[in-house]
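Below you'll find the structure, written out as structure tokens, and then a few comments.
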Amino acid sequence: MRKQGVILVIATLMAMILCGAVSATDSSTTGGEGNLSDVNNSEAVDPILWVNVGYEYADDKINPEIAVTDSNNDSVAFNKTKYSDTLYKLNFTYAGVTNGTLFNVIVRAPGYIAQTQQVAVNQAGTDPEFIGTVDFDMQATENYKLGRQITAAADNLLHFASADDVLCITTAGLAYRNGTTTEDCLEGILNGSHGEISYGQGNLLTFQSIRTDPVDFCFVVRNGSSLTAAFFKNGTLTPAYFGTFSAIDQTLWENTITTTLGEHAFGYVSLADAWKEGLSTDLLRQAAYHGHVCLGTLSGQAMISLLLKYYPPGVYGNSGELEATSYRAVSSPGNSDDDAYIYSLDLTTGKRSWVGYNTAEDNMVGFIRWCDTTKRGTLIIMRFNEEAVLQLYKQQTGNNAYTGIAGELAFNTWLINKLENDPDSLVEILYVFENITPAIHNNLTGGVDSKKVVCNALGLDMDYILGLNLTNVANQRVATNYTTGNLTLDQIKQIGIDAANMAIALFAAEGIDLEKDDYELTVFTSAGYVRVNEQVMDMTMDGIYQVLGSRLSRATLLPVHNARYNPLYFQFSLEKDGKVISKTLTYNSTDGSFIAKNGSSCIIDQVILYDPPYDSLMAWLWHNHVCGGSSPGYIITDWIYDNFPLGADEQYAMITASVSCRDDIYTYLLGLSPGQGNYYSERMTSDSTGNDILILSIYDSTTNTRRVIVVNYQGPHFTDGDPYENYIKLYKILQKYDDWNSPECQEELKTLTNMDRAPSITKTVDTYSTEEEWNSMISGNALEVAKSIPDRTKEDLIRLMSGSQTSNGDSTSQGTGSLFSTANGSNGLFGLSNGSNTSGVNVSAATVTNSTTSSVGAQPGEAKAYEVTQAGAQGSEGTPWGLYAVVGVIAVLALGGVGFFYKGGKF
């Protein structure tokens, strides 16, 4: 009996502990003390919640987003009144309120971890009002802290306030740190610089980073003509370099700067030098996208100047078409000029505005200006003649350009002056052919219609072009005169202020109040890309931020990729009641007014309801719209990162054959561009490609070996639902897992009940190529060449290059199975993986719940620009504590009873 008695005692104690735990959960809520009076459960009353929000960085003055839900996690509408920088009063009507009624209060702010607290409302004494109070001590995200801390360290060294100008160049934004994008680092820089750095001033430059890049920061101050820099490597708070950027001799360059700053050393130095010399901010951003300032980037900008001067924009496609551009371009990749016009004229490959592979000299480009009415066009072929430019430089200055770092920076300064004052001297217009027919256009680009490929594109095939025997009228050009504006920076900023205030008035007319720092408001704009009367419109973004608190680091002010000559517009898109309300203001430069319309100029507002990942949103901005064709790009990008992570000395290159909108997404997110010589586009018919969409190359500079993979893709199928929501849900699941075939990933994919066919990504070829074979691929018929390469390992290729042995096989390497199955089979939603999964990338949101109740936890990858917590409310379906307690007590007592009556067991 002693055994049974002990069991009963233990059972009773455990039951008491469980009941006590439930009691603690029920009572440990934030709220005021009160009497025990009650109200009729059916009677609606007006509770008041006082919410006090403090921030880890006390100088952050942010209007937080506050949400309220009831104990069933249903949203509660309320009126919000600001009483101070930290105190807010929430009024709402709610039926059935009694003393102790619980509400969940959720607070989030850019750069901070979202928090949820439970607050009880109670009556105080004889006061009939139900009042609850709650304090939030908001904690910064790790990335925001890093941005703030490094900015403070740089300021301590460089003394921003006393400098003439301040510049920050960084890899943050698209680069991942601790499994997430690093836009919070940018937010930290902006807030920590206290106005010295802003998007409007154009002095925050970001490289076109990839996920695996280190998160580096370089701050530069200018005092007169002197530049001083502080460089922080991979998130460390101690500068790896602190010294001059303006008096760099060759010894300092070779022994210190290049070894310390790494692969972007010339990028940091050349961008800072061009900034000092007054290169316009839009061109600085283009150079940062390319990676540095050089003869090619500046000559590419000179090409744009001449194109707009002598052959101003025509009309391509039907008005309003998403892929409509005024120009199309064909070129041979490998020189930096390609990145200039692709960036500044919005001639991206995904819109079929650019086609290029090795068909001509890599410093040549052909622009087609097309008239859809006459079905005729003009072909303008330009070249920057490097040898001629170098001779002109020596003739005018007596110096040689490439005599070391100091000589090259001096050459860049001369080029900037030429670009501003004499762009004709940097570029040759070799040929101009008029009356280009649709047949010629089709042969060069693959099809006049951007949505329909009629033949395999020839690209810039000079043999074909000159064989047409067209008359060259290059010497008959006539210049177009453009008006040059004289607005001050403050006046440009005022345009943004006026636009924001007009938007507030337009929404107010419909009974909607816009708040500052409103997470639900997204402003899309062409500012950052377009010019008005040859003036850059960046400062309008600072005007928008001053009024509405919207900016790029918060993913609430989004510059949409546009050609330089397009109109300046601001589109204000508000998420409300499960819908998006958009109003667009287009600037009239003639009188400074705005033309208002209800609706969108940019249809990216169609995805903001679904909270897309930051990097996918940035890629859609680059593409300048969302569409079904672009949606698979993020899936393919994620697959490449997961299955082919880069080693220390490896880099990607790509040839796309079946050109689609998706090409803009993965080229942008993989850091590929024609100007860097690592991206080639053959626009081919589907009959030529089938489902083989691209060739991925991974080059190892240590072993001089190149792996090539032909990627085959078939899209998923959803039975219903919004297509963008479907894809974004799929993104967020796949993004969290390196191994898409893991049980955890498979289980989560089953929640997509409307996906009846999974996407299929397979490897048609996976082998190693010689450089001769690679050069053949980038010169045309890439798929045919790739599929003819024998099956080789890296070791086979090394032996082949050394001349000791030929490859072990003579058959093309085929994929052994689909990474995805097209149906839910025995192997799970997806089939067997063909690639390794070692990237270590795993996106998840930081979570903090300041409540004594247990939290359901974060939904990884579901944050917009900040990290979010969802806490299970007491009594909610997500946390049925009472039920748990009853079941637990019964189980324990049952265990005791069994022990009491059981006589033969051991104790």
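The values are calculated or read from the model by the stated rules, or taken from the named source; none is laboratory data. As the structure is a computational prediction, the values presented were derived from the model and not from experiment. FYI the Cβ positions are ideal-geometry reconstructions off the backbone, even for glycines, and counts take in every protein chain you see. Surface accessibility is based on the protein's heavy atoms, side chains included, excluding ligands, DNA and RNA. Shrake-Rupley method; radii C 1.70, N 1.55, O 1.52, S 1.80 Å.
Here is how the numbers come out for the structure above:
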{"read-out": "Qualifying residues in region 37-74 (those that are in a strand (DSSP E or B) and modelled with pLDDT under 95) - the one nearest to V119 (Cα to Cα)", "value": "V45"}
{"read-out": "Cross-chain or 6+ apart pairs with Cβ under 6 Å, region 85-111 first and outside the structural domain of G132 (by TED's automatic domain parsing), then at pLDDT 95 or above", "value": "none"}
{"read-out": "Residues located in region 691-723, provided they are surrounded by fewer than 17 Cβ atoms within 10 Å (Cβ to Cβ) and more than 17 Å from Y666 (Cα to Cα)", "value": "S701, T702, T703, N704, H717, T719, D720, G721, D722, P723"}
{"read-out": "Answer residue from region 124-147, given it is part of a strand (DSSP E or B) and in contact with a Leu (Cβ under 9 Å, 6 or more places away or on another chain) and is surrounded by the fewest Cβ atoms within 10 Å (Cβ to Cβ) among those", "value": "T133"}
{"read-out": "Of all residues in region 232-279 being acidic (D, E) and in contact (Cβ under 8 Å) with a residue 24 or more places away in the chain, the one that is farthest from C168 (Cα to Cα)", "value": "D249"}
{"read-out": "Among (1) open to solvent by 30 Å² or more (accessible area, probe 1.4 Å); (2) at pLDDT 95 or above - the single one G200 does not satisfy", "value": "(1)"}
{"read-out": "Single residue of S813, S769, S807 found to be modelled with pLDDT under 95 and buried (at least 19 other Cβ atoms within 10 Å of the Cβ)", "value": "S813"}
{"read-out": "Yes/no for F507 being of a type in the set (F, W, Y) and in contact with a Cys (Cβ under 6 Å, 6 or more places away or on another chain)", "value": "no"}
{"read-out": "Given (1) out of contact with any Phe, Trp or Tyr (no Cβ under 8 Å at 6 or more places or on another chain); (2) modelled with pLDDT of 95 or more, index of the condition A124 fails", "value": "(2)"}
{"read-out": "Residue list for region 423-439, restricted to those being of a type in the set (A, V, I, L, M), under 37 Å from the mean Cα position of the chain (by Cα) and assigned to a helix (DSSP H, G or I)", "value": "L426"}
{"read-out": "Of the criteria (1) open to solvent by less than 10 Å² (accessible area, probe 1.4 Å); (2) modelled with pLDDT under 95, which one E263 fails", "value": "(1)"}
{"read-out": "Residue in region 79-106 that is most open to solvent (accessible area, probe 1.4 Å), counting only those that are assigned to a loop (DSSP other than H, G, I, E, B) and closer than 16 Å to V134 by Cβ", "value": "Y83"}
{"read-out": "Residue in region 318-330 that is nearest to G459 (Cα to Cα), counting only those that are buried (at least 19 other Cβ atoms within 10 Å of the Cβ) and at pLDDT below 95", "value": "R328"}
